[in-house]
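Student: Okay, handing you the structure first.
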Amino acid sequence: MSDHSVWMNLHNHSIYSDGDFTPEQIAAEASRGSLTHVAITDHFETAKVRRCLTADGLDDYIREIKSLNERYCGSLRVLAGVEIDTNPERCDLQRLPIDELNRLDLVLFEFVNDDWNGGSSLAEIAPLIDRIKVPCGLVHTDFARVFQGASPHDVAEMLASHDLFAEVNTASIYKRQGIPYYEQAERYYRAFHDKVRISIGTDAHRTLSEVSNLGQGYEFIDRLCAANDLIKIK
Ligand SMILES: [Zn+2]
């Protein structure tokens with residue numbers, strides 16, 4: 001383990017959507033793995049998955065996740081988040097309950113600018129993002145492909161102007177030609193330095209050890225000397 005004061009995994013799915021483990025089991029694994037921050041980020045109101053979190057269920061979800069903090073006496077922060085699908089055919093983005101989302105610790109957006117997955121453009125969802133007051137981030141984004149018309153500097157400016165963080169997602173499915181999206185986008189992450197915060201997420205669903213398997217993500221951060229760019233969630 002490298003020497004980091006923050007050891008985070010801000011992207012995990014529980015039984016509230018398509019994951020196999022409870023928030024309690026995920027937090028226990030995070031504690032076992034000496035994480036300082038773990039976020040439960042279930043899919044919200046999307047037809048992409050068979051089971052997802054709904055607006056009606058959000059209150060219980062937040063309460064259950066936040067109550068887990070009491071067990072760890074400050075050694076582990078357990079954060080409540082959701083992942084929002086920006087494909088408007090699967091998720092009614094116009095009807096998202098903004099006030100409720102503002103009670104979360106963070107909100108993740110997937111498939112932004114991603115035509116292959118039918119995601120909305122950053123311009124289309126910017127008004128929505130600007131109404132959400134908790135930290136918002138773009139997750140498992142294939143920057144080198146979906147922002148290919150823009151320079152890394154321009155992408156950094158765009159993300160910074162909406163106070164969006166960018167995730168390093170180490171899940172094995174987010175690869176092109178065998179190379180993780182974040183590796184392909186190294187020049188983008190370098191351009192984020194001092195402008196755009198970075199998060200690390202493993203997108204754990206079915207393997208509990210994935211919750212604490214942060215080596216790959218932190219190796220990338222260390223290679224970029226980007227530890228100071230990691231997001232700090234209060
Ligand atoms: Zn996810």
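Student: Which residue is nearest to Leu164 (Cα to Cα), if the candidates are limited to the stretch 68-100 and must be in contact with a Phe, Trp or Tyr (Cβ under 9 Å, 6 or more places away or on another chain) and more than 16 Å from the ligand (Cβ to nearest atom)?
Tutor: Applying the filter and picking the extreme gives Leu96.
Student: How many of the residues making up the stretch 87-126 are of a type in the set (A, V, I, L, M) and closer than 18 Å to Tyr181 by Cβ?
Tutor: Going through the stretch 87-126 one residue at a time, the tally reaches 3.
Student: May I ask you to list the residues in the stretch 217-234 that are within 26 Å of Val49 (Cβ to Cβ) and either in contact with a helix residue (DSSP H, G or I) (Cβ under 9 Å, 6 or more places away or on another chain) or at pLDDT below 95 (or both)?
Tutor: Within the stretch 217-234, Gly217, Ile233 qualify.
Student: Considering only residues that are at pLDDT below 95 and buried (at least 19 other Cβ atoms within 10 Å of the Cβ), which ones fall in the stretch 138-177?
Tutor: none
Student: Examine the stretch 16-34 for a residue that is crowded, with 22+ Cβ neighbours inside 10 Å and under 13 Å from the mean Cα position of the chain (by Cα), and state whether such a residue exists.
Tutor: no
Student: Pairs please, first residue from the stretch 194-206 and small (Gly, Ala, Ser), second anywhere and part of a loop (DSSP other than H, G, I, E, B) and at pLDDT 95 or above, Cβ atoms under 6 Å, 6+ apart in sequence or on different chains.
Tutor: Matching pairs, first to second residue: Ser199/Leu10; Ser199/Ile231; Gly201/Leu10; Gly201/His11.
Student: To continue, here is another question. May I ask you to list pairs of residues, at least six apart or on different chains, whose Cβ atoms are under 8 Å apart, with the first in the stretch 18-40 being touching a residue at least 12 places away in the same chain (Cβ under 8 Å) and basic (Lys, Arg) and the second being in a helix (DSSP H, G or I) and buried (at least 18 other Cβ atoms within 10 Å of the Cβ)?
Tutor: Correct list of pairs: Arg32/Ser212.
Student: Please list, ordered by first then second residue, the pairs with beta carbon atoms under 6 Å, 6 or more apart or interchain, first in the stretch 153-176 and in a loop (DSSP other than H, G, I, E, B), second modelled with pLDDT of 95 or more.
Tutor: Close Cβ pairs satisfying both conditions: His162/Ala126; His162/Ile129; Thr170/Thr202; Thr170/Gln216; Thr170/Gly217; Ala171/Asp203; Tyr174/His140; Tyr174/Tyr181.
Student: Only residues that are within 15 Å of the ligand (Cβ to nearest atom), in a loop (DSSP other than H, G, I, E, B), buried (at least 21 other Cβ atoms within 10 Å of the Cβ) and not acidic (Asp, Glu): list them for the stretch 178-234, please.
Tutor: Residue satisfying the conditions is Thr202 alone.
Student: Report the residue count in the stretch 101-127 for those that are of a type in the set (Phe, Trp, Tyr) and more than 16 Å from the ligand (Cβ to nearest atom).
Tutor: 1
Student: Same structure, new question: May I ask you to list the residues in the stretch 161-177 that are under 15 Å from Phe109 (Cα atoms) and away from the ligand (no atom under 16 Å from the Cβ)?
Tutor: His162, Asp163, Leu164
Student: Can you work out which of the residues in the stretch 116-137 that are part of a helix (DSSP H, G or I) and β-branched (Val, Ile, Thr) is surrounded by the fewest Cβ atoms within 10 Å (Cβ to Cβ)?
Tutor: Here the residue is Ile129.
The values are calculated or read from the model by the stated rules, or taken from the named source; none is laboratory data. For clarity, every value in this text was computed on a predicted model and none was experimentally measured. FYI the Cβ positions are ideal-geometry reconstructions off the backbone, even for glycines, and counts take in every protein chain you see.
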